[in-house]
Structure formats: structure tokens, C-alpha cells
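The values are calculated or read from the model by the stated rules, or taken from the named source; none is laboratory data. If you're wondering where the values come from, they're calculated on a predicted model, not measured in any experiment. No Cβ is skipped: glycine too gets one built from the backbone with ideal geometry, and neighbour counts run over all protein chains shown.
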Amino acid sequence: MKDVIKGYIDFISENKTERECVQAIIRAAREHGYTDLAEAKQLKPGDRVWYNKMGKSIALFQIGTEDIAKGMNILGAHLDSPRLDAKQRPVWEKDGLVYLNTHYYGGIKKYQWLALPLAIHGVVFLTDGSRVDIVIGEKADDPVFCISDILPHIAQDQMKKTAAEFIEGEKLDLVIGSFGEADKGKDVILGLLKDKYGIAEDDFMSAELEIVPAGAARESGLDRSCVLGYGQDDRVCSYTSFQALLDTPVSKRTSCCLLVDKEEIGSCGATGMRSRFLDNAVAAVVEKLGAPSEFVVRRALENSMMLSSDVNSAYDPLNWELYDKTNSSFLGRGLVFNKYTGSRGKSNASDANPEFIALVRAQMEKHNVTYQSAEMAKVDVGGGGTIALYAAYYGMQVIDAGVPVLSMHAPWELTNRFDIQQAYEGYCTFLLID
């Protein structure tokens, strides 16, 4: 098996939005012989295609030699990560400072986003139909942005607040300009945007601008055993999943890598797992295989097996009281299988069947993949869901399988190199199950 770590670090450093991820995946897929499903007239065993939804979700298929109605082997992950989004009328000014107004996306600890170098990534669509891509804050000579914080000398009242109250969501606004004279800065900033990007203030209404930590992912630790970077939930599983598909030969069962959007806010919307995205993608494949039937689509989905490739919380020795140690995942101990996610009484969990778990275990052991089994935390502490719940609605067998992460949902998250490698090898192995 190849070493995927360098490619992974480059991927999460260069692609910090769903759109950027999809574009990079399509470039890599094209180099491996994949084509756009929309351009294919018909499909046959061995063909490789992708199905792109709005540039933010993508499904890749490698057609197997067996009838697709007998099911697929699916690796499913999500491309979105917690962040800040620019509002539709975001530029405002007060007392000589110009701000970009934001709305946070996903589950974040708001205080963690203060006084950090931040970058802006995204797209603006103009009324003439043109598209403007924006990345500010990643090059060495780019400006960066930040959200200001109160100096400790005068923060007595702030320091008495709980972490949840420490800063209000409406105060998570970026400083994007500073001017000695009040009521002049906004016009100057808008003028700069107009000159460089051709964007007027009204064009923010049709923009999708994401504010993310600036800078590249890095090796972490004196032993370089870890990776520190933004968006590892869930791009660590997205990257290893699509690399596994690219590197796996054609087998009996059709292989699929499903990478969706909006998981961090409930898998909603047209590009989320709760949409008809997967149904429509499989229906398009079935049609071009020459068997256009809703029954075939339903059978294909029901008979499929899926790894919901999502991260798990790594055991934190500094906060040991939150974990059931014997049922926790640890950095450096391999791919994590989580039978059920959800919270407390298994709320919103798919709860994998033991027959399926035994099959997957046997496959991992046959190919010497190091794995562990875990829950997120103690039963009453809390939890979270994944796309496994929505995959299970189709009647398919599904279990969560991913990489343990420390500081999950923080601007910078920590993973282990060995776990990333084992996830890739485990995903490759899973796709070979027939």
C-alpha cells in the first residue's frame, strides 16, 4: 500500500471548502480514467465515472462485473467542516474599523476563533453569469484577517462568563480594514474589492464566502507522529476514501465513494445526505447500464454495504473523566469502528448489525489492517450523529469507520499518521469484499 500522508497534508492545506475539495477530487479522478457520468452514453464493467451535485457533493463509481442490483460497496464521508460564513450584506464600519459580518456554521466553540489568522475562501456569482473565485490569506504575501478579543487587563466581566457566553455569535466579525478617519473605510474596502475582483456590494447576495484558519496543515510532535490542520473532520476520511477508490482494481461489486455536504448542520439541503442525491446518482448509473428501473435502483441500494467514513473523538488523558476508557478510540491504534453514534440513549443512531461487523472484521484481519472499536464518550456526556443514519434508511448494511481526532471541531485538529494510513488501507480492503 502506498503512503498517503504527504498527499493528505497537501489536500487539506490547499482545499478548505467543499467546492475546492470537489474540484481537486475531479482533477485526481480524471487522471485515473474517470469521466463525467453526464457525458457517458452507456456504462459497462470497468468503467469509472463521477456524478457532481452543485460542485459541493460528488459520487464516484467504479462499475463491477456483477449486476449492480446485487449491491455496491460504498465509502461515504462528508466534505464540509465547521467554519464561519459571510452574511449576505456583510461589510460594515464602526469608529474607523471595517468588519465582515459572519454567521458560524456547524458546532464550534466560538471563543476558539478569536485572535487567529483567518483566510477567506469562496465564490461570488455575478448577475451576468460570471463566477469569481476568491482565496485571500493563504499565500505568504497575502493579508490575513482576525476577530479581535478583549485584552485581559479590562476583561474582568468577560472572564466571569461561561465558555458558551464568552463571545456572542454576532460579534464573530472579521476586521478587514482600519482607518484613522471614521466613515471612510467601508467605501475604501468596497473599492478595493471592485478593483481587484469586479465585485460590488450587492454581489455579496450571490456569494458563498467561508472564513477558515489561514495556513497549511503541518506534521506535529517531535516524532512527527501527528498531523495538525483545519477541517480534518471529515476530510481525513474523505481523502482516504477517494484515494482508496482510485487505487482499488475493478472487482465483482460496484465500488462507490460518496462525498456529501452539510453533515455538520444535519445533512440537510440539496447537497446533503438527506436529499435524493444518492438515489439520483445511482439511478443515473443504472440507466446507463441499460436497466432503467426504479426497482433496480432500490435493490442496488438495499443490497449495498457502506462504511460511513467519519471521525471519532480520540481519548484525551487530560479530560479522562468524559470517556469510558475501555470503549474509547486512541491516537495511534488504527481505524476506528463505531457500532452506533447518536447521543445518550443511542438517539439518531443506525446501530450496525453484528453479522455485518463480523464480515468487516474478518476482511480487516485478512489484510492485516489495524483497527479498534469505540464510542464517542461516556453515555450521558453527549454525542453526535453521522451520515450512517441516512444510509441505513435505504436498508443497506452500514457502520461508522474513521480516524480518531483530538480537538475535534477546533480551528486546528490533531490526528495520527498511523491511523490515517490504516484508514486508507482499511477502505481499500473493504472495497474488495465480494
Is it true that some residue in segment 99-111 is over 20 Å from C428 (Cα atoms), among the basic types (K, R), within 24 Å of the chain's Cα centre (by Cα) and not assigned by TED's automatic domain parsing to the domain that holds Y427?
yes
Residue check, R30 against (1) modelled with pLDDT of 95 or more; (2) more than 22 Å from Y427 (Cβ to Cβ); (3) of a type outside the set (S, T, N, Q), all met but one. Which one?
(2)
Would you confirm whether any residue within segment 262-274 is of a type in the set (K, R) and crowded, with 24+ Cβ neighbours inside 10 Å?
yes
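Mind listing whichever residues of segment 15-31 are in contact (Cβ under 8 Å) with a residue 60 or more places away in the chain and among the acidic types (D, E)? Break it down into steps so the answer makes sense when it comes.
If we filter segment 15-31 for residues that are in contact (Cβ under 8 Å) with a residue 60 or more places away in the chain, which is where we start, we get 15-22, 25, 28-29.
Answer for segment 15-31, where residues must be in contact (Cβ under 8 Å) with a residue 60 or more places away in the chain and among the acidic types (D, E): E18, E20.
Using the structure shown, decide if L301 is among the hydrophobic types (A, V, I, L, M, F, W, C), more than 20 Å from the chain's Cα centre (by Cα), assigned to a helix (DSSP H, G or I) and within 18 Å of L389 (Cβ to Cβ). Show your work before the answer.
On the way: among the hydrophobic types (A, V, I, L, M, F, W, C): yes; more than 20 Å from the chain's Cα centre (by Cα): yes; assigned to a helix (DSSP H, G or I): yes; within 18 Å of L389 (Cβ to Cβ): yes.
Spelling it out, L301 is indeed among the hydrophobic types (A, V, I, L, M, F, W, C), more than 20 Å from the chain's Cα centre (by Cα), assigned to a helix (DSSP H, G or I) and within 18 Å of L389 (Cβ to Cβ).
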Single residue of segment 409-434 satisfying the filter (over 28 Å from D279 (Cα atoms) and touching a Pro at 6+ places or on another chain (Cβ under 9 Å)) that is surrounded by the most Cβ atoms within 10 Å (Cβ to Cβ)
D419
So, of the residues in segment 336-365 that are without any contact (Cβ under 8 Å) to a residue 60 or more places away in the chain and among the aliphatic types (A, V, I, L, M), which turns out to be farthest from Q421 (Cα to Cα)?
A349
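For segment 181-287, which strands (runs of 3 or more DSSP E) that fit wholly inside it have 3 or more residues that are of a type in the set (D, E) and not assigned by TED's automatic domain parsing to the domain that holds Y51? Spell out how you get there, then give the answer.
On the way: elements: 207-213, 218-220, 226-229, 254-260.
Once the strands (runs of 3 or more DSSP E) in segment 181-287 are filtered for at least 3 residues that are of a type in the set (D, E) and not assigned by TED's automatic domain parsing to the domain that holds Y51, nothing remains.
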Within segment 64-98, residues polar (S, T, N, Q), within 25 Å of F242 (Cβ to Cβ) and either under 22 Å from the mean Cα position of the chain (by Cα) or in the same structural domain as L172 (by TED's automatic domain parsing) (or both) come out as N73, S81
Within segment 361-377, of all residues that are touching a Gly at 6+ places or on another chain (Cβ under 9 Å) and more than 23 Å from L414 (Cβ to Cβ), the one surrounded by the most Cβ atoms within 10 Å (Cβ to Cβ) is M364
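Would you mind stating whether E287 is modelled with pLDDT of 95 or more and either within 30 Å of A358 (Cα to Cα) or touching a Lys or Arg at 6+ places or on another chain (Cβ under 9 Å) (or both)? Explain how you work it out, then say what you get.
Numbers: modelled with pLDDT of 95 or more: yes; either within 30 Å of A358 (Cα to Cα) or touching a Lys or Arg at 6+ places or on another chain (Cβ under 9 Å) (or both): no.
For E287, the condition - modelled with pLDDT of 95 or more and either within 30 Å of A358 (Cα to Cα) or touching a Lys or Arg at 6+ places or on another chain (Cβ under 9 Å) (or both) - is not met.
Give A155, A119 a once-over and let me know the one that is of a type in the set (G, A, S), over 30 Å from V282 (Cβ atoms), touching a residue at least 40 places away in the same chain (Cβ under 8 Å) and surrounded by 12 or more Cβ atoms within 10 Å (Cβ to Cβ). Please lay out each step first, then the result.
On the way: A155 fails: touching a residue at least 40 places away in the same chain (Cβ under 8 Å).
Checking each option against the conditions leaves just A119.
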For segment 282-290, state whether one or more residues are in contact (Cβ under 8 Å) with a residue 24 or more places away in the chain, surrounded by fewer than 15 Cβ atoms within 10 Å (Cβ to Cβ) and of a type in the set (G, A, S).
yes
